[in-house]
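Written out below as structure tokens is the structure these notes cover.
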Amino acid sequence: MIPPNVDVPDWHRATALNERIALLRAQLVEQNKDLPDSDRARRWRAQSPFSDPALFEQRLRSDGLQETEWQRLVSEPESTVRERAGAPPWFVPGLVAAYQEPSGVDVTDLLPSPEALNQRVRGASGLLAAVEPLLAAARSRLREGLRERMSASREVPFDPAVVERLWLQDLPADLLAMIDRTLVLEMHVARMQGALAGETPEERFASFVLRLRDPEVMLAIFREYPVLARCLWNAVEQCVAFGLEFFGHLLSDWALIKAEYAHGEDPGELVFLEGNAGDPHRGGRSVVLMRFANGMRLVYKPKSLSVDVHFQELIEWLNARGLTPQLRSIRVIDRGAYGYIEHVDGATCGSEDEVKRFYRRQGRWCCSRTCSERRTFITRT
């Protein structure tokens with residue numbers, strides 16, 4: 001039996017347009033049968049830029065929609081979407097379970113101090129209480145996945161207790177930045193309704209934070225803001241999925257990494273990890289910076305590094321033929337959909353001669369990069 005908090009129409013307000021189109025067409029609903037006639041569709045059409053017929057038609061074409069389909073999707077109530085779907089949206093079961101069936105995993109060490117947060121959310125650090133169940137769910141799932149992957153590996157280059165904290169260290173601030181404005185609004189609503197105890201703003205804030213620790217209060221807020229709930233759970237899902245993918249790659253590639261970057265020696269355990277080192281893409285994947293116990297540092301990139309491999313080959317080819325000044329080459333491992341690059345430290349020029357050499361190398365580097373990209377293009381085509 002589906003719990004009451006899961007199977008309610010409110011959640012389907014977060015069902016995306018493409019998902020609604022798929023549900024509508026899967027049931028072969030006749031285009032003009034019982035077509036809803038509501039103010040909602042007229043209000044949508046009155047908004048800019050949809051009030052422009054040409055732009056409205058362009059928007060319909062971008063999703064392959066007929067106007068009758070659009071009117072139905074915009075006008076029908078969430079209860080109809082729920083009946084058509086036959087199940088709650090994908091994010092609801094996990095989200096509700098995180099609050100109603102907490103894993104019991106401690107996340108105290110993941111909660112950043114106010115000083116560690118950016119200025120916009122620093123004063124709202126107490127609101128992290130609202131997302132602690134999400135953090136616990138993320139840690140529990142990451143821990144379980146790491147245990148499975150480690151059991152199949154002969155060498156494990158990290159302490160799972162250390163890396164799970166390192167991997168999740170940015171998640172609390174990310175979730176807080178998504179939810180803080182909504183919670184501040186809800187706090188003012190609760191204050192106006194007389195639901196907060198205390199005579200001072202500080203006391204009322206503490207009372208509100210205490211309310212956020214009630215699972216039913218948070219689930220009621222999520223039902224009112226289902227798109228926010230979807231975004232929060234999606235952030236948790238992507239963080240855990242990418243983490244397990246990354247650590248799985250590290251385990252399977254460990255012998256290759258040691259041979260290429262540590263001359264076959266053991267560089268020790270992973271002691272530093274920084275995710276989100278680049279713009280996220282492909283399901284929340286981003287560049288990851290790593291440092292090991294012996295000081296070895298690597299950059300993990302979740303994309304093909306074939307261009308980088310060709311570029312290093314070109315640099316070595318030019319250096320072998322007397323390029324002056326010589327360009328430094330770095331070691332790259334391309335694994336198809338991802339790869340590793342040797343970390344290069346930046347340094348400040350200490351003299352005028354060093355500045356001149358820097359710009360000469362910079363010019364040669366730019367020229368070499370262009371040649372490498374042309375070579376890769378020609379090879380692929």
Does anything in the stretch 118-159 have its amide N under 14 Å from the 7 Å Cα→Cβ label point of Thr200, and if so which residues?
none
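Using alpha-carbon pairs under 8 Å, 6+ residues apart, how would you state the relative contact order of the chain in percent?
On the way: 401 pairs, mean separation 49.8, N = 381.
Relative contact order, the chain: 13 percent.
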From the residues His310, Ile257, Tyr300, which one has its Cα farthest along the dipole of the stretch 240-333 in the positive direction, the dipole being from +1 and -1 charges on Cβ of Lys/Arg and Asp/Glu about the Cα centre?
His310
Taking the chain as a Gaussian network, Cα atoms linked when under 10 Å apart, which of Arg43, Arg213, Arg82 shows the biggest mean-square fluctuation?
Arg43
How much accessible area does Thr108 have with a 1.4 Å probe, in Å² rounded to the nearest 10?
90 Å²
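Counting Lys and Arg as +1 and Asp and Glu as -1, what is the net charge of the other residues whose Cβ lies under 12 Å from the Cβ of Arg59?
Working: positive: Arg45, Arg61; negative: Asp52, Glu57, Asp63, Glu67.
Spelling it out: positives minus negatives among the neighbours equals -2.
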In the stretch 150-201, what trypsin sites (Lys or Arg not before Pro) fall in a loop by DSSP, with at most 14 other Cβ atoms inside 10 Å?
Arg154
Please report, in whole Å, how far the alpha carbons of the stretch 275-363 spread along each principal axis, starting with the longest.
44, 28, 27
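Roughly to the nearest percent, how much of the accessible area of the chain is carbon and sulfur, given a 1.4 Å probe?
Carbon with sulfur: 51 percent of the solvent-accessible area.
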Using alpha-carbon positions, what is the distance between the centroids of the stretch 304-372 and the stretch 106-173, in Å?
36 Å
If you average the C-alpha positions of the stretch 83-104 and of the stretch 223-238 separately, how far apart do those two centres end up, in angstrom?
11 Å
Determine ³J(HN,Hα), in whole Hz, for all residues of the stretch 62-67 in sequence, where each value follows from phi through the Karplus function 6.51 cos²θ - 1.76 cosθ + 1.60 and θ = phi - 60°; x replaces Gly and Pro.
4, 10, x, 9, 8, 4
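Please arrange Phe50, Phe358 by accessible surface area, largest first, computed with a 1.4 Å probe and ligands excluded. Don't jump to the answer; show the numbers that get you there.
Working: Phe50 45, Phe358 90 Å².
From most exposed to least exposed: Phe358, Phe50.
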Cα-only Rg/Rh for the stretch 39-124 with Kirkwood Rh rounds to 1.21
So for the stretch 219-355, averaging the separation of alpha carbon pairs under 8 Å that are six or more residues apart and normalising by length, what relative contact order in percent results?
17 percent
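What's the local net charge at Leu185, with K and R +1, D and E -1, over the other residues with C-beta under 12 Å away? Before the final figure, lay out the partial values.
On the way: positive: Arg181, Arg191; negative: Asp180, Glu186, Glu224.
Taking every other residue near Leu185 into account, the sum is -1.
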Here the FRET efficiency for Ala161 versus Ala54, based on Cβ atoms and R0 = 56 Å and rounded to 0.05, is 0.45
For the pair His188 and Ala16, how long in nm is the line joining their label points, each one 7 Å along Cα→Cβ?
3.1 nm
Neighbourhood charge, 12 Å Cβ-Cβ cut-off, centred on Glu83 and excluding it, Lys, Arg +1 and Asp, Glu -1
-1
Within the stretch 109-168, which GluC sites (Glu not before Pro) sit in a loop by DSSP and count at most 10 neighbouring Cβ atoms inside 10 Å?
Glu155
Let me make sure I get this right: for the stretch 82-123, a, b and c are the square roots of the gyration tensor eigenvalues over alpha carbons, sorted descending. Under 1.5 in a/c it's rounded, otherwise prolate if a/b > b/c, else oblate. Which is it?
oblate
For a quick protection proxy, order the peptides 300-309, 131-140, 52-61 by their average other-Cβ count within 10 Å, most packed first.
131-140, 300-309, 52-61
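The values are calculated or read from the model by the stated rules, or taken from the named source; none is laboratory data. Since we're looking at a predicted model, the values are computed, not measured. Here Cβ is always computed from backbone atoms with ideal geometry, including for glycine, and neighbour counts include all displayed protein chains. Note: areas computed on protein heavy atoms with side chains; ligands, DNA, RNA excluded. Shrake-Rupley method; radii C 1.70, N 1.55, O 1.52, S 1.80 Å.
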